[in-house]
Amino acid sequence: MGDAYMVAGGLLSSTKPPRYQHHVRPRTASLRYKDINKKYNLNFFELRVGIHTGPVVAGVLGLKRFAYDVWGDTVNTASRMESNGVPGLIHLSSDMHRMVADMTNVFDFTCCGEINIKGKGTMTTYLARTLEDEEKGYWDW
């Protein structure tokens, strides 16, 4: 993954988590890094956030040094959303967008149209920016 940081949310829940709880948490990370950038004038540091939702396979690897990992198409799609994203914005798959589309009090969504995603083919994706970021003056579009 190189310089990427992958987060998997809501994995251990045996029942449906509170609505959007684990889907919206990555937004918090993007907001915090923007506050830090502004406070310390670190304009060179940008994050790309990609989010997808779906089933995964999880397990423990290793005999002496254990590591918990997740696999599957959902993980690959989330990674592709990040790598095809725009620094400072949240790139959503259409599946993820459907889950949060009614959250217009939190996010402003822009459809990217159909784009070619490596290993996935053509997908309709969305960019999201938080209205809280807009109020703080982080957006100029």
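Here, each number is a calculation from the coordinates, and none is a lab measurement. Worth saying up front: this structure is predicted, and the values here are computed from it rather than measured. Note that each Cβ is placed from the backbone with ideal geometry, even for glycine, and that neighbours are counted across all protein chains shown.
If each residue of separation counts as 0.36 nm, what is the full-extension length gain between ASP69 and MET6 once their alpha-carbon separation is subtracted? Let's see the in-between values first.
Values: separation 63, 0.36 × 63 = 22.68 nm, distance 1.07 nm.
Fully extending the segment from ASP69 to MET6 adds 21.6 nm.
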For the range 87-101, Karplus couplings with θ = phi - 60° (6.51, -1.76, 1.60), whole Hz, Gly/Pro x: x, x, 10, 9, 9, 10, 6, 5, 4, 5, 4, 4, 6, 10, 4
Where labels lie 7 Å past Cα in the beta-carbon direction, separation of ASP108 and ASP35 in nm: 2.1
At a Förster radius of 25 Å, what calculated FRET efficiency corresponds to the Cβ-Cβ distance of ASP95 and GLU46, to the nearest 0.05? 0.50
Label point 7 Å out from ALA58 along Cα-to-Cβ: which residues of the range 69-112 have amide N under 14 Å? 69-72, 75
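Please give the peptides 55-63, 116-124, 92-100, 68-76 ranked by average Cβ packing (other Cβ atoms within 10 Å per residue), highest first, as a rough proxy for protection. Numbers along the way, then the final one.
Numbers: 55-63: 9.4, 116-124: 12.0, 92-100: 19.3, 68-76: 14.2.
Order by mean packing, descending: 92-100, 68-76, 116-124, 55-63.
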